[in-house]
Amino acid sequence: MAAGYKGTVWTMTAMPRDLSGYRIMWCIALFDLPVVTAEERKRANRFRKILLGAGFTRLQLSVYAQPFPDERRSERAVRIIKSELPPDGEVRLMFLTDKQFARMQVFLGKKAKPVEKAPEQLWLL
């Protein structure tokens, strides 16, 4: 785990009800990391664990997401990710409003699957 947040106790606070779907922001982390050698696989798995420890949810193997009440509050997660970037590979961070995220279409095989929803409570970083 990164030194900046190891051992941090996350507090749960209800999301303010006055937030609109246009203010709530989802930070999407997408990455392609090399996994040819055992050391590369170890670094890729460590990066995944860092994302989970920072409050992200896995959408796919290399796609993680976390909702924030607004874009400003995502800054700490971005700092954690930047400080823990692996030496090789590519990492992208994309921001979507809650309305845009809700329009995502997810398919599992030929069947549609419901899109993940913002939690009733947010983890404040």
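The values are calculated or read from the model by the stated rules, or taken from the named source; none is laboratory data. Please read these numbers as outputs of a predicted model, since none were measured by experiment. A quick note on method: Cβ atoms are made from the backbone with ideal geometry, for glycine too, and the neighbour counts reach across all protein chains shown. The area values use the complete protein model at the heavy-atom level, side chains included, leaving out ligands, DNA and RNA. Shrake-Rupley method; radii C 1.70, N 1.55, O 1.52, S 1.80 Å.
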Residues of segment 49-103 being touching an Asp or Glu at 6+ places or on another chain (Cβ under 9 Å) and of a type in the set (D, E), in sequence order, are D88, E90
Restricted to segment 15-34 and to residues being out of contact with any Ser or Thr (no Cβ under 7 Å at 6 or more places or on another chain) and open to solvent by 70 Å² or more (accessible area, probe 1.4 Å), the residue modelled with the highest pLDDT is R23
Original post:
more than 17 Å from K117 (Cα to Cα), of a type in the set (D, E) and open to solvent by less than 90 Å² (accessible area, probe 1.4 Å) - does that describe any residue in segment 58-75?
Top reply: no
Those residues of segment 54-77 which are under 12 Å from I28 (Cβ atoms) and at pLDDT below 90 amount to S74, A77
Taking segment 78-120 and the residues there that are of a type in the set (S, T, N, Q) and closer than 20 Å to I24 by Cα, the one that is surrounded by the fewest Cβ atoms within 10 Å (Cβ to Cβ) would be Q105
Note on segment 63-103: residues on the phi < 0 side of the Ramachandran plot, more than 16 Å from the chain's Cα centre (by Cα) and not basic (K, R) are P86, P87, D88
